[in-house]
1. At 1.4 Å probe size, with no ligands or nucleic acids counted, give the accessible surface of CYS40 in Å², nearest ten.
2. Give a quick list of trypsin sites (Lys or Arg not before Pro) in segment 34-128 that DSSP marks as loop, anything other than H, G, I, E or B, with at most 15 other Cβ atoms within 10 Å.
3. Between MET1 and ARG73, how high is the FRET efficiency from 1/(1 + (r/R0)^6) when r is the Cβ-Cβ distance and R₀ = 35 Å? Nearest 0.05.
4. Scan around ALA105 for amide H atoms under 5 Å from its own, H built in the peptide plane at 1.01 Å from N, and keep only partners 5 or more places away or cross-chain.
5. Could you run the Karplus curve 6.51 cos²θ - 1.76 cosθ + 1.60 with θ = phi - 60° over segment 41-53 and give me ³J(HN,Hα) per residue in whole Hz, x for Gly and Pro?
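The values are calculated or read from the model by the stated rules, or taken from the named source; none is laboratory data. A quick note: this is a predicted structure, and the numbers were derived from the prediction, not measured. Because the Cβ atoms are built from the backbone with ideal geometry, glycine has one as well, and the counts that use them run over all protein chains shown. Side chains are part of the model used for accessible areas, which takes the heavy atoms of the whole protein and leaves out ligands, DNA and RNA. Shrake-Rupley method; radii C 1.70, N 1.55, O 1.52, S 1.80 Å.
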Amino acid sequence: MKDHRLPKIALYGEIRTGHRYRGAPKKRYKDCLKKTFTACNIDHQNWSDFAADRSAWRLISSKGVTLFEETRRDTIKDKRSRRKARAASAVSPDPAFSCRLCSRACRSRIGLFSHERSCRQRGHSLPS
């Protein structure tokens, strides 16, 4: 492809004018492709060689996307199971923070305050 063609400029061009904001640099299309290829286990150095052979590219990209999706799902399942295990093994609430209106135990003073406010809105009254 000739150097003046827009696809080549977009993929391989460097930003020469303007400035990049500190802490949040502007990204090029090539930067986004590199991140996606890395996530899909596709060699980002030689992707253009792979893409030249259409059938090989389809095979490589479909395997990469499938692997990425499996990894993503496994990560989500693992994260969920850790969260559920943490909730199951949570310390029981301190009895010092129990609601005067319905005797529910809360874990913190601010939680107790919020809970009592909602109890009053629901119409619970102080026991006599």
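1. For CYS40, the solvent-accessible surface is approximately 10 Å².
2. When the trypsin sites (Lys or Arg not before Pro) of segment 34-128 are filtered for loop state and at most 15 Cβ neighbours within 10 Å, ARG100, ARG104, ARG107 remain.
3. With R0 = 35 Å, the Cβ-Cβ based efficiency is 0.40.
4. For ALA105, whose amide H was placed from the backbone, the distant partners under 5 Å are CYS99.
5. 6, 10, 5, 6, 6, 10, 5, 5, 5, 5, 5, 5, 9
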